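Since every read-out is calculated from the coordinates, none of them should be taken as a lab result. For clarity, every value in this text was computed on a predicted model and none was experimentally measured. Heads up, the Cβs are rebuilt from the backbone with ideal geometry, glycines too, and the neighbour counts pull from every protein chain shown.
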């Protein structure tokens, strides 16, 4: 089909905006000097460009997908269809996301080069990730000798708080398995209930220090190391780390939120957390709808 109709271009209707162009000084200002003509983006244009640059999803009509896939696996002329399906029951999986939106600016995300989120660390730990499983500092690509895991939200429901801490501590264990000699510390608040619930597991941690404390300030220092101001028992101290990982609060994906709304449910992440370890499917206020628990 693409050979008959030529270059096949899909025009998506939700492309947000045209590409932004960098600022240039006026022609009259260029005469008689060697001033830089192209000034790059100001903050407003940079934000607009960042929001649109990965959103075009435009097919260029190269037909490589058609050539690589089996015959009729790709049909260019196929139209979207809506189907009505009758089901005796519905099971919803959580589709959890970990968003950096709302992280307090005092924690240095986006300002300090070596402050990342737990999701970014998860990508780093993956063998298929950008660093092929190697843990490195974003600033210089060096392997960090000291890493701090820091709670990035002020408060959360107990079940959500526990889920966030479990991910952060599990990541610290994975980091320990890769970096045997690195200093690893976790800083989080309201640890009493969590510590009681996971007492045996926490005692077995190898060279990972868990601190019931809050971080009041994060700033870059020499060599882009990160200085933490630690508030504990009414006093403050500071400590420098080569890499800081922010423990984020779990959230439901937009798809699950919309699906639950369509089904007449009011869900949050805590709804997916079982009260008993043996729970797999959780009941809702509608008999035919169940949730897949996140144990």
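Some points to look at:
- Using C-alpha pairs below 8 Å separated by at least 6 residues, the relative contact order for the chain is 20 percent.
- For the peptides 152-162, 85-95, residues were scored by their other Cβ atoms within 10 Å and the scores averaged per peptide; the highest-first order is 152-162, 85-95.
- Alpha-carbon centroid distance for the pair the range 191-211 / the range 242-268, whole angstrom: 26 Å
- Scoring 42-51, 106-115 by mean Cβ neighbours within 10 Å over their residues and listing the highest first yields 106-115, 42-51.
- In a fully extended conformation the segment linking residue 288 and residue 179 would gain 34.5 nm over its present Cα-Cα distance, using 0.36 nm per residue.
- Site pair residue 253 and residue 270 shows an inter-label distance of 2.4 nm when each label is modelled 7 Å from Cα along Cα→Cβ.
- Cβ crowding within 10 Å averaged over residues, with 125-131, 268-274 ranked highest first: 268-274, 125-131
- The label-point distance for residue 192 and residue 205, in a model that sets each label 7 Å from Cα toward Cβ, rounds to 1.9 nm.
- The length gained on full extension between residue 33 and residue 104, counted as 0.36 nm times the residue separation minus their Cα-Cα distance, comes to 21.1 nm.
- Computed E for residue 90/residue 122 - FRET, C-beta separation, R0 30 angstrom, nearest 0.05: 0.55
- Extension gain, residue 142 back to residue 67 (0.36 nm per residue minus Cα-Cα distance, nm): 22.8 nm
- Mean separation of Cα contacts under 8 Å (6+ apart) over length of the range 100-247, as relative contact order %: 31 percent
- Distance between the modelled labels on residue 235 and residue 45, one decimal in nanometres: 5.3 nm (7 Å Cα→Cβ projection).
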